[in-house]
1. Filter the range 1-52 down to the residues that are charged (D, E, K, R) and under 15 Å from the mean Cα position of the chain (by Cα) and list them by number.
2. Show the residue pairs meeting these rules: Cβ distance below 6 Å; 6+ apart or different chains; first residue within the range 299-316 and more than 13 Å from V257 (Cβ to Cβ); second residue in a strand (DSSP E or B) and among the aliphatic types (A, V, I, L, M).
3. Kindly indicate whether any position in the range 22-35 is in contact with a Pro (Cβ under 6 Å, 6 or more places away or on another chain), more than 21 Å from I150 (Cα to Cα) and not in a helix (DSSP H, G or I).
4. Taking G339 as the residue in question, decide whether it is in contact with a helix residue (DSSP H, G or I) (Cβ under 9 Å, 6 or more places away or on another chain), of a type in the set (G, A, S) and part of a strand (DSSP E or B).
5. Run A174 past the list (1) within 20 Å of L320 (Cβ to Cβ); (2) not in a strand (DSSP E or B) and report the number of the one that doesn't hold.
6. Tell me, please, whether a residue that is part of a strand (DSSP E or B), touching a residue at least 60 places away in the same chain (Cβ under 8 Å) and under 25 Å from V95 (Cα atoms) can be found in the range 250-264.
7. Please state which one of L254, L207, L242 is among the aliphatic types (A, V, I, L, M), closer than 23 Å to K17 by Cβ and not assigned by TED's automatic domain parsing to the domain that holds R152.
Amino acid sequence: MNRLRFVMVGGFLGAGKTTALSRLASFYTARGQRVGLVTNDQAQDLVDTNSLRSQGFSVEEVPGACFCCKFDDLVGTVEKLCAGERPDVILAEPVGSCTDLVATVVQPLKDLYGERFSVAPYGVLFKPSHGLKILKNQADAGFSPKAAYIFRKQLEEADAILINRADELSALQADELSALLAAEYPGVPVQRISAKTGQGFDAFTALLDQDGNFGKKILDIDYDIYAEGEAELGWLNSSVHLSAAQPFVLDEVLLEVVRNLHAALKQHQGEVAHLKVIGLGQTAFGVANLVSSGTQPEVSLAARGTEREVDLIVNARVALDPDLLDRAVRQVVREICQGHGIQAEFRKTQSLRPGRPTPTHRYPLPV
């Protein structure tokens, strides 16, 4: 039996991993390969999982901690995807605040399950909105040096760095980022892509098809700094049922939720790592998101329709106390719903700070 191709795409919160995986899934499907996707989060009710499923993909989720701490669950989830029509390719999206994935995921897969998995080169998406400030050591980078430490370590273990959102960068900006990355991570291939438009994806997929001396960059990492940097972020997943007597424009409500949350979080000086909202209606679904406090909210997947009943899921990753984050989300959603004549029923909310990473396996040297 042919081995499963395991493709993991890393990157910081808001780097565009879900959009990249969606495009990769469509690419492999068009090539005649069956695809399964695995998402990952510190909590349940993940926007990414619902968004990918709504696009028709076969998706399973590993909740509760990073892949590194839930390695056995990751393998079991892949087995679940294989229980039906066996996929040819597994696309995996780790938590955006997680690093040290080569030592704790790639190496164990190669060593313990090498007869089942063929592991692709590990590509890490670079997020320009925070990344440029972090690489230039600017005081207004938005996160503490400990959170920036995670961002840098993610890039350090990459087989290739993908500057995402290239369609939003000028040639001068893209050249500056490429030069900074080349200086900071010499010898690491740097590609420019856009998960949104598909720019650069021919080169990206060609990279992922390669076999060779990949997935061997074991980090020298301080887990105390790593844990404290991750714990800086407040984490919230909330599900809300919306119902109204008259149809409402779903995209308008989603964008308004993100826009008003953006304003509310600014008042608390909470830097946004990623904020995304999905509305799952009877006939359509839509997604709105925000990738940093210094950028603008956008509808990333448009529903283009009206609905009377919607399941709303809010995922927020913000450098803010989780209780404050919870209160802000509840207040904003209720106020918006009241203004549109919508009833809002909060059904499940998890708010937390990520705990200390405790990997199931950690390989000190590559196999």
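The values are calculated or read from the model by the stated rules, or taken from the named source; none is laboratory data. Since the structure is predicted, the reported quantities are computational estimates derived from the model, not experimental observations. Every residue, glycine among them, receives a Cβ derived from its backbone with ideal geometry; neighbour counts consider all protein chains shown.
1. If we filter the range 1-52 for residues that are charged (D, E, K, R), which is where we start, we get 3, 5, 17, 23, 31, 34, 41, 45, 48.
Scanning the range 1-52 gives K17, R23, D41, D45, D48.
2. S300/V287; L301/V287; T306/V249; R308/A244; D311/L280
3. Of the range 22-35, the ones in contact with a Pro (Cβ under 6 Å, 6 or more places away or on another chain) are 34-35.
Still in the running and more than 21 Å from I150 (Cα to Cα): 34-35.
Checking which are not in a helix (DSSP H, G or I) leaves us with 34-35.
Scanning the range 22-35 turns up at least one residue that is in contact with a Pro (Cβ under 6 Å, 6 or more places away or on another chain), more than 21 Å from I150 (Cα to Cα) and not in a helix (DSSP H, G or I).
4. Working: in contact with a helix residue (DSSP H, G or I) (Cβ under 9 Å, 6 or more places away or on another chain): yes; of a type in the set (G, A, S): yes; part of a strand (DSSP E or B): no.
For G339, the condition - in contact with a helix residue (DSSP H, G or I) (Cβ under 9 Å, 6 or more places away or on another chain), of a type in the set (G, A, S) and part of a strand (DSSP E or B) - is not met.
5. (1)
6. Here is the first cut: in the range 250-264, the residues part of a strand (DSSP E or B) are none.
No, every residue in the range 250-264 fails to be part of a strand (DSSP E or B), touching a residue at least 60 places away in the same chain (Cβ under 8 Å) and under 25 Å from V95 (Cα atoms).
7. On the way: L207 fails: not assigned by TED's automatic domain parsing to the domain that holds R152; L242 fails: closer than 23 Å to K17 by Cβ.
It is L254.
One line per residue, one yes/no per condition, for (1) part of a helix (DSSP H, G or I); (2) crowded, with 22+ Cβ neighbours inside 10 Å:
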| site | (1), (2) |
| --- | --- |
| V95 | no, yes |
| T99 | no, yes |
| V106 | yes, yes |
| Q138 | no, no |
